[in-house]
Amino acid sequence: MPRILEAYVGEYASGKSENAINRSLRLVKAGRRVRLVDLDLVEPTYTLRPLKRKLEAKGIQVLAWETRELIGLGEAAIPFKKEMGSALAFAGDVIIDLGYGVEGRRLLNLIAGSLSPAGRGESLQLIMVVNTTRPVTSSLPLLLAYLAEFGPVDGLINNTHLGEETTVELIQEGAGLVTAAARRVGCPVVATTALRPYARQLGPVDRMANPVWPIERYMPDAFW
């Protein structure tokens, strides 16, 4: 069975980390071996490390970093845990929580050579999580400009929300915007994701016929 290799990226408060965690949990529940990698070095106090024990108890191998474990790398002095360089060297699925925006994409270059010779036919899928209530992705022109700056992605996820003010109508509006953007750039909409109460109201698909995936919140406990 082919491995699943996915990296999740998105603007601040898009929900990329929640989606990476929930994707990992769905794969574990399907009987797959999963490694979840925290490659988000943009927000040093918001790491998966506090969730490591909880997530590993659910069957996920978590590769996260701590300040004392980091090294400077290159002229940019990017802090980087040595083990991250071989993050993909795992006999199972690998889900990566990538840093925000263009800076996050740059980090992929640090692990690009870690696929084994036997896995040369594999490819790392880059999934952008979009919350259309965020200023830089709040309209079709803005979202298209953001995607153009970021570069090609393999799929989009609509994760539109507004905290306690979230409504099903808001999520559906986000689905329309994200689907329009996906059609323009020629990539699929992987899913609309929403907290379970909203997902139940949305049903199995949103109004744009994208699958709906319910998610749980874990990141509120991730501040270090």
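The values are calculated or read from the model by the stated rules, or taken from the named source; none is laboratory data. Computed from a predicted structure; not experimentally measured. Cβ: placed from backbone, ideal geometry, glycine included. Neighbour counts: every protein chain shown.
Summary table below
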{"item": "Filter result for Ser24 (assigned to a loop (DSSP other than H, G, I, E, B), crowded, with 24+ Cβ neighbours inside 10 Å, out of contact with any helix residue (DSSP H, G or I) (no Cβ under 6 Å at 6 or more places or on another chain) and not aliphatic (A, V, I, L, M))", "result": "no"}
{"item": "Options Glu43, Glu83, Glu6, Glu56; residue that is surrounded by fewer than 17 Cβ atoms within 10 Å (Cβ to Cβ), among the charged types (D, E, K, R) and at pLDDT 90 or above", "result": "Glu56"}
{"item": "Top-ranked residue of region 95-131 - restricted to ones that are outside any strand (DSSP E or B) and in contact with a Pro (Cβ under 9 Å, 6 or more places away or on another chain), ranked as modelled with the lowest pLDDT", "result": "Gly121"}
{"item": "Pair list, Cβ < 8 Å and 6+ apart or interchain, from region 179-190 residues that are of a type outside the set (Ser, Thr, Tyr) to residues that are crowded, with 20+ Cβ neighbours inside 10 Å and in a helix (DSSP H, G or I)", "result": "Ala181/Leu143; Ala181/Leu147; Val185/Leu147; Pro188/Ala182; Val189/Ala175; Val189/Val178; Val189/Thr179; Val189/Ala182"}
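Residue by residue, here is whether (1) over 15 Å from Gly10 (Cα atoms); (2) in contact with a strand residue (DSSP E or B) (Cβ under 7 Å, 6 or more places away or on another chain); (3) assigned to a loop (DSSP other than H, G, I, E, B); (4) small (Gly, Ala, Ser) holds:
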site	(1), (2), (3), (4)
Thr133	no, yes, yes, no
Val153	no, yes, yes, no
Arg183	yes, no, no, no
Thr193	no, yes, no, no
